[in-house]
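Read the structure below first, then the notes.
The values are calculated or read from the model by the stated rules, or taken from the named source; none is laboratory data. All values derive from a computational prediction rather than experimental measurement. Note that we place each Cβ from the backbone using ideal geometry, even for glycine, and neighbour counts take in every protein chain shown.
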Amino acid sequence: MSSTTDAPQTARQVTPDMAWALAPLIAGAPTYRLGRWIGGRFQYPRPQNPARITAAVPTRPAAVTIHGLDGSVATLCLDLDTSKALQGVVDDDAQRLGNLLKSCGIRYVADFSPSGGRHLYIPLAERVSGPEARELVEAMTLLAPSLDPSPHQNVTDGCIRVPSSAHKSGGHQILTTPLATAYDILRRRNPANAVTALRRALAPELQRAHKLKDRTAKMAAAATAHGIRPVPFAGSQSPLRVLARTGLYDTTRYASPSEARMAVLNHFASCGWTLEQVRLELGGQFPGLAALYTNTDRQERLLDAEWAEACRWIQKRDGQPTGRRNARINDTSPPEPTGGADKSRSTAAVHQLVNDLENVLYAVLDHRFKERGREGLSLRLLLRAVLGYMRTMKTDLLDVGCRTFATAMGKHHGTISRLLPMLQQASDGILTKVSDARGRNADVYVIQLPQHFKQLARELSWRSGKIHGIRPVFRALGDVAALVYESIERGRLSPTTAAIVRSTGLSRTAVETALGAMSSYNMIERRHGQWRITAGTSLTALARRLGALDDAAEQISRHRKQRAAWHAWLDRNLVPELAEHELEDPDSDLYWIPPSEDELDWGGTLWRVA
């Protein structure tokens, strides 16, 4: 199997003539293009008469074409470029993609260039269409920020330098896979079932890429309809996110890697991260930040001091203690309820109340709400979010704004403002409004167990597990999937499909669709006709791969600005609740949700940052 680490000595002994023999086995067509400088850029222009690949190695930098005359692809070519990310990120991406390919049973050939870039070549026994190859490579860019998908994005001009090709700066592409092994891999190519396994492994990234394309198309259509020039949609790629993921920064803004690192650490501190969370993600989703430290020893020596400095800066700016932020989680001040709230209720009493209300929810209210169709589905999840808020915040007083619930449920705040009064009416006395919204204060509800439900709640045994509104992953998978997953997760026995249909009150078609989607992401598995939760699958990691965490961060940032604008209007002056630089600085446009130490604590994490 090939390696993506430093080239072994045997690879360095391979001459260019020997490695160039692999070129026709990699190329999509038996031709290559010579490179030259054009307008300050080194390019491989399309010649009128393309040169055919022969045994002679071109003396100038040359790249073979990836696509055939019909647009099909014989070899997936992954180009990890140091112009996209720092060298440390390129090496990390090569290792990550190599592990992914090996897990799918895929053999590949690897080389590296004098500039530090890396290429991975995945030969296919059956050619795939250009769009299918592009889809796979673009999905892998969501895992590897240094991966350049452009060779597969251009059917007519996509090309890549292969082992032994000359480099524009001097030297050649150096084969890291032993020559005999590379020849064997390219001759006995990966079968179609290996590509199918790769598609399964990339299922979250494929779905996320489709959603980004759909969103881009809708934005472009809306802009064109209004006579506005479409602006390319970059997802959640704010300057600081790009910096943390790739290590590349604007040299006109940051004079050195040290200043760039401090910008990211300051923002992490502002978002309530801890040093342990930062340290964990340096080896996870933010390899670019780690690469800015040059090496591990330097990182360990500087990180503690730089984090302390970031916390001091945030404390001085915001006037609050370091570490996790202790500001209120919503846009309201503590209101004085007009009645009904039990201020002396203990934590144990609140937990008992939530357990009793869960029994009523599953036994009575779910069956009532399911008669309301799609609206009832939202009401069921909203009541779950209310109970989740009660348990997390240890209170029976609901005095949060609609935007806080919107963030926790992945819905628009206008939808929540419409659903809350309906939930009060349909809850049969569980929710009671005790104060109307005014100024910065939201509507205040008290949650209690009505007398006519007490006997039922006491007779039923409590369910194990934690109740949730919408965990981040279900922002991408949908409300039906959330209820189906809950039915499996909190069921007393592993349910069959028919049992899930009965317990959720959803149609069999909707349940089977949700089961199929979650099974494809390895969230659940079926054994002997019964569904079980897959213990090794992290919902948090899956939510990150699906882009759900980025969506939640964007929503938090948007709500923060909306609250600031509303508070500024209330105050009748130009001083918003947030500092001016927080509203105008593009680096602060996106909130970064701190990773939860506990998979089950994600609900609490979202409540605290919403």
Inset, instruction - Can you give me the number of residues within the stretch 70-111 that are in a helix (DSSP H, G or I), among the aliphatic types (A, V, I, L, M) and surrounded by 21 or more Cβ atoms within 10 Å (Cβ to Cβ)? - result: 5
Legend entry - Verdict on Q13 being in the same structural domain as T177 (by TED's automatic domain parsing) and either crowded, with 22+ Cβ neighbours inside 10 Å or at pLDDT below 90 (or both): yes
Inset, instruction - Scan the stretch 477-498 residue by residue and report those that are part of a helix (DSSP H, G or I), buried (at least 18 other Cβ atoms within 10 Å of the Cβ) and of a type outside the set (S, T, N, Q). - result: L477, D479, V480, A481, A482, L483, V484, Y485, E486, I488
Inset, instruction - Within the stretch 419-456, track down each residue that is closer than 29 Å to G401 by Cβ and in a helix (DSSP H, G or I). - result: L419, L420, P421, M422, L423, Q424, Q425, A426, F453
Inset, instruction - Filter the stretch 406-434 down to residues that are in contact with a strand residue (DSSP E or B) (Cβ under 7 Å, 6 or more places away or on another chain), closer than 26 Å to A363 by Cβ and of a type outside the set (S, T, Y) and give me whichever is surrounded by the most Cβ atoms within 10 Å (Cβ to Cβ). - result: I430
Inset, instruction - Please find, within the stretch 38-59, the residue that is surrounded by the fewest Cβ atoms within 10 Å (Cβ to Cβ) out of those that are free of Cβ contacts under 8 Å to residues at least 60 places away in the same chain and part of a strand (DSSP E or B). - result: R41
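Against the condition surrounded by fewer than 15 Cβ atoms within 10 Å (Cβ to Cβ) and closer than 22 Å to L506 by Cβ, how does E459 come out, does it pass?
So E459 does not fit the description; no.
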Inset, instruction - Given the conditions (1) among the hydrophobic types (A, V, I, L, M, F, W, C); (2) more than 22 Å from L353 (Cα to Cα); (3) surrounded by 17 or more Cβ atoms within 10 Å (Cβ to Cβ), report the number of the one that A437 does not fulfil. - result: (3)
Legend entry - Number of the condition not met by T509 [criteria: (1) closer than 18 Å to S494 by Cβ; (2) out of contact with any helix residue (DSSP H, G or I) (no Cβ under 9 Å at 6 or more places or on another chain); (3) of a type in the set (V, I, T)]: (1)
Inset, instruction - Filter the stretch 60-69 down to the residues that are within 24 Å of A194 (Cα to Cα) and assigned to a loop (DSSP other than H, G, I, E, B), then identify the one that is nearest to the chain's Cα centre (by Cα). - result: I66
Legend entry - Scope the stretch 138-148; condition assigned to a helix (DSSP H, G or I), surrounded by fewer than 22 Cβ atoms within 10 Å (Cβ to Cβ) and not acidic (D, E); matching residues: T141
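Keeping to the stretch 185-205, report how many residues are of a type outside the set (G, A, S) and either surrounded by fewer than 18 Cβ atoms within 10 Å (Cβ to Cβ) or touching a His at 6+ places or on another chain (Cβ under 7 Å) (or both). Write out each step before concluding.
Residues of the stretch 185-205 of a type outside the set (G, A, S): 185-191, 193, 195-196, 198-200, 202, 204-205.
Imposing the further condition that a residue be either surrounded by fewer than 18 Cβ atoms within 10 Å (Cβ to Cβ) or touching a His at 6+ places or on another chain (Cβ under 7 Å) (or both) reduces the set to 187-189, 191, 193, 196, 199-200.
Selection size over the stretch 185-205: 8.
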